[in-house]
Structure formats: C-alpha cells, structure tokens
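Step one of this worksheet: look at the structure below.
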Ligand code: SF4
Ligand code: SF4
C-alpha cells in the first residue's frame, strides 16, 4: 500500500502484540483506575476539582483521548478500555488463556435494525445533555461509569462478542468515526491471501486465540471505524497477513465504501456538541450554564429542547441545504441524500479539531489538579505521593488562545480540501468540483468563526 510504514515488520512489536496477555494486562491496569474513579465518585469529596473521578475521567482521560489517542493511534483506547473487560472475561471464562469451546453467553441474535451506530448517536446525545451535571457532580459521574460497565456485562451475557462496543457504547461511536483521521491502521497485507484462505481463522478463531470480537473480517477492512484494535487477528492469522501501519492523517476520509447516514449524523452531532459545550462551559452566558446545570426543572427542560433541536434539526437542516447547494453547483447527478452523506465526512476533521481546541481550554488551565488528586483521590486529606498541596497552576495561559486559533484555521483549510476531494470524485470537472465546494466551505467557515468567537471573544 502507498504511503504506509509497517510497524509490525519489527519482530518485537509483532511479538508483543501477538502475546495473548497484551490486551488483558492493559485492561487490568485501566480497570484499576476505573474502579478508583467510581469509588471516589461515590465516597469522595463532592468538590469536583478535588475528586479523582472528575479530574481523571473528564480532564485527563478526555484530553488524552481527543488530543493524542484518536488522532494518532485510532482505537487505541478500545484496546485498553476497561468497560467491556468484565463482560468479555465472563464470556471467555478466562483472562488470558484461550478456552476451547463456545463463548459463555445466551447466544441471542442482535436485531438487524440496530446494526448501525444510531444507538451510539442517541446514547452520546443523552450523556451530552446531562454533561454539565455529570462533569460537576462526582456521584452522578460514578453512576454513569458504573452503568456503562453493567450494561456491557448484561449485553455480554445475552450476545456473543463485543455487541456493547460495536453498537451501543456512546464513546465508541465517536472514537470509531474520528479514527478515520488517525495516523495508525490495522490492515491486511494482501487481500488476495485472505480471499484464498478458506478457514478464515481471524473470524472463527483457532487454538491461538479468539475470532474477531468486533465482528469484523480484517480481509475487507478499508476504514478504521469498526476495528477495535484488539490485536486478536494478529495472533490468529496463520498466514502472517495482518499489519499495523503508520499512514498519513485522514487517509480513510476519502474511502467511499461504508459511508452511511448514521455516521453522517454522528459527524453532525459531534460538531454541534463541540459548539454547544464551548458555548455553555466557556461562553459568557452564565444563565445558560445555570440552565444546563438544572437550576430549575423548567429551565433545564427549555435547555434540553434547544439542545436536541440544534443537534437533530437545526444543524442537520442547515447542512442539508448546504448539500443541496453543492449538488446544484457541482451538477451532481446523484440523490441529495448521498451528497449529504458524502460531504458530511468533511465535518469529521473539523469536529475533531473543534474538540481538541475545546480540550485545550481546560487541560492547560486545570490540568494541574491531576497532581493533587493523585495524592488525595478521595479528598480525605491523604498525601500518597507528596503532591496533595500542589497549587492550581495554569500552564501557558497566554498561549492557549493562539494555539486554538492556529489549530482551528488549519482545521478549516484541511476540511475544505477534504470536501473538495470528496466532491471531485463525483463532479465532471475540476471547476464544477470547486463550485460545489463553495457552500461546504461557507458552512465550515461559519462553524470555525463561531468557535473562534467562543474562545477568543
Ligand atoms: S467501544 Fe466503548 S466500551 Fe468498547 S472498548 Fe471502545 S470505549 Fe470501551
Ligand atoms: S480486525 Fe483484528 S484487531 Fe480489529 S477488532 Fe477484529 S480482531 Fe481485533
């Protein structure tokens, strides 16, 4: 493949990833912190800035996820995520060893109508709607984390494999979509080898390991979205045909196969939520924050209606009109719905960069709280590592706005180029493609301008 650098060509990398204990050991590590986050949420101080659960989940983890893991390592978080771990270990009745025989589940069939990411879209919206409450009240945050792990266990008992991750997890939905941009991928080296290999061990599993828990056939992988990077297929492939590659940023955004309306809506919802979070948490309107924080039930109800309307009607509606203008100007002879879905993929890098800029606002300013809660996770006066009294220290406070401006403007240019390249594949000429790009460029510029207004006033 062009522009790829295979990391698994190094023997030690391959050996490490093929080791069956690789994922379970990492999951045990993150599960330890996950349990602490839940316990501190329930039993620790209600002051969010001194509670491990709030600081480590919503500042440290979120910033690491958005700024480092998703853009550079695809679904690396899903490799180490503790949420599906207890359910998966229960299914396998083992932590590391491959047990012969079938998985321990009731083997129900996941309904066909739910084999998409609509549930993940609505799940994310539900969490986002209550986010101001979740982010500031440790006990609510703990209930959310505990709820996710319980739902994952229940689904593991009912269905085989990672149904929770593939179709339900609200976090997994956006990680998958934004992983289209990542500089890392897992792919087969030669698709023909997979075609000719009759037993398809990566799907069925063999004595070396389990079949793909994400219900993916690696031989047909062209995008990162639904590969959970569990590395099982590296272990089970008897043909040495699986590789992990470095690649250019955004390589999957131009892959047409697999594009769908649920993913297009995911891109819109993520973009709308990045704008709304920025407005509520960083904007100058204190009353909006109060409403989102449920100061009174009627206020919150009005906020909820506005939030849902913007996410599901207003922004998609404006983007539908944008796609209609693109279709007309570029003289595209394909259904409007298809144009809408196609050009929505230009919102993926824009949304990711919006979230990175948003994360900069709090990670530089409030990241120092991590040191003090590490020593005193419950806020009970412990001083485990001698850092409890580390003062609140904003990092590079004068540079944050500059970084955000640079990032958002670079993101705008990149997203416009992606929009043009998507449209160019459908338009008859270059000129028509540029004309068709104009409405999308206008939409993206308006979004960027709104972000900039919110961050720098
Ligand atoms: S999909 Fe969700 S629960 Fe599954 S591994 Fe990824 S983040 Fe964790
Ligand atoms: S394709 Fe391979 S790495 Fe990806 S989820 Fe399936 S088994 Fe795991």
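The values are calculated or read from the model by the stated rules, or taken from the named source; none is laboratory data. Small disclaimer: the values here were computed from a predicted structure and weren't measured. We place every Cβ from the backbone using ideal geometry, glycine too, and count neighbours over all the protein chains shown.
Might you check whether a residue that is more than 23 Å from the chain's Cα centre (by Cα) and either at pLDDT below 95 or not assigned by TED's automatic domain parsing to the domain that holds residue 354 (or both) occurs anywhere in region 162-169? Scanning region 162-169, I find no residue that is more than 23 Å from the chain's Cα centre (by Cα) and either at pLDDT below 95 or not assigned by TED's automatic domain parsing to the domain that holds residue 354 (or both), so the answer is no.
Based on what the data block shows, is residue 155 crowded, with 16+ Cβ neighbours inside 10 Å, within 16 Å of ligand 1 (Cβ to nearest atom) and farther than 30 Å from residue 204 by Cβ? No. The sole residue among 108, 137 that is outside the structural domain of residue 364 (by TED's automatic domain parsing), surrounded by 16 or more Cβ atoms within 10 Å (Cβ to Cβ) and either more than 15 Å from ligand 1 (Cβ to nearest atom) or closer than 29 Å to residue 185 by Cα (or both) is 137. Taking the conditions exactly as written (at pLDDT 95 or above, farther than 22 Å from residue 420 by Cβ and away from ligand 1 (no atom under 16 Å from the Cβ)), does residue 243 satisfy them or not? So residue 243 fits the description; yes.
Is it true that some residue in region 87-101 is within 14 Å of ligand 1 (Cβ to nearest atom) and within 14 Å of the chain's Cα centre (by Cα)?
no
The lone criterion from (1) in contact (Cβ under 8 Å) with a residue 40 or more places away in the chain; (2) within 13 Å of residue 350 (Cβ to Cβ) left unmet by residue 445 is number (1).
Checked against (1) more than 9 Å from ligand 2 (Cβ to nearest atom); (2) buried (at least 19 other Cβ atoms within 10 Å of the Cβ); (3) not in a helix (DSSP H, G or I), residue 228 passes all but condition (1).
Scanning region 198-223 for residues that are in contact with a helix residue (DSSP H, G or I) (Cβ under 7 Å, 6 or more places away or on another chain) and more than 9 Å from ligand 2 (Cβ to nearest atom) gives 201, 205, 206, 208, 219, 223. Helices (runs of 4 or more DSSP H) fully within region 85-160 that include at least 3 residues being out of contact with any helix residue (DSSP H, G or I) (no Cβ under 8 Å at 6 or more places or on another chain): 138-158. Under the condition of being within 25 Å of the chain's Cα centre (by Cα) and farther than 17 Å from residue 446 by Cβ, which residue from region 314-339 is surrounded by the fewest Cβ atoms within 10 Å (Cβ to Cβ)? Once the filter is applied, the top-ranked residue is 337. For residue 174, the test of being within 9 Å of ligand 1 (Cβ to nearest atom), in contact with a helix residue (DSSP H, G or I) (Cβ under 8 Å, 6 or more places away or on another chain) and not assigned by TED's automatic domain parsing to the domain that holds residue 345 is failed. Taking the numbered list (1) away from ligand 2 (no atom under 16 Å from the Cβ); (2) surrounded by fewer than 22 Cβ atoms within 10 Å (Cβ to Cβ) in turn, residue 266 passes all entries but (2). Of everything listed in (1) under 26 Å from residue 205 (Cβ atoms); (2) more than 22 Å from the chain's Cα centre (by Cα), the single unmet condition for residue 138 is (1). No other residue among 98, 92 is within 16 Å of ligand 2 (Cβ to nearest atom), farther than 21 Å from residue 145 by Cβ, in contact (Cβ under 8 Å) with a residue 60 or more places away in the chain and surrounded by fewer than 18 Cβ atoms within 10 Å (Cβ to Cβ) apart from 98.
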